[in-house]
Amino acid sequence: MKRLIAGGLIVCVAVVLVAVAINRHLAHKQAVEWCHENGYANYATTDGFCVGAGGKLVKVGAESAVPRL
């Protein structure tokens, strides 16, 4: 019985880890897309910043980074 519980716990932990990894990957892809759409084409960091020319950091989704029309 202990083996069954341990096996079930291992499977649950593995499923949670995979779900977290997929979620982080999709969030990063969205951040990269936002950076490119707003003119910060160098790269996006994994902590949610775009790096522009000269190393300027801009938080992804920041309203001040979006040019007003």
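The values are calculated or read from the model by the stated rules, or taken from the named source; none is laboratory data. Keep in mind it's a predicted model, so treat the numbers as computed, not measured. Neighbour counts are summed over all protein chains in view; Cβ atoms, including those assigned to glycine, are modelled from backbone coordinates with ideal geometry.
Key figures for this structure:
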| read-out | value |
| --- | --- |
| Some residue of region 2-10 being in a loop (DSSP other than H, G, I, E, B), of a type outside the set (D, E, K, R) and surrounded by 10 or more Cβ atoms within 10 Å (Cβ to Cβ) | no |
| Single residue of region 24-69 satisfying the filter (of a type outside the set (D, E, K, R), in a helix (DSSP H, G or I) and surrounded by fewer than 12 Cβ atoms within 10 Å (Cβ to Cβ)) that is modelled with the lowest pLDDT | Ser64 |
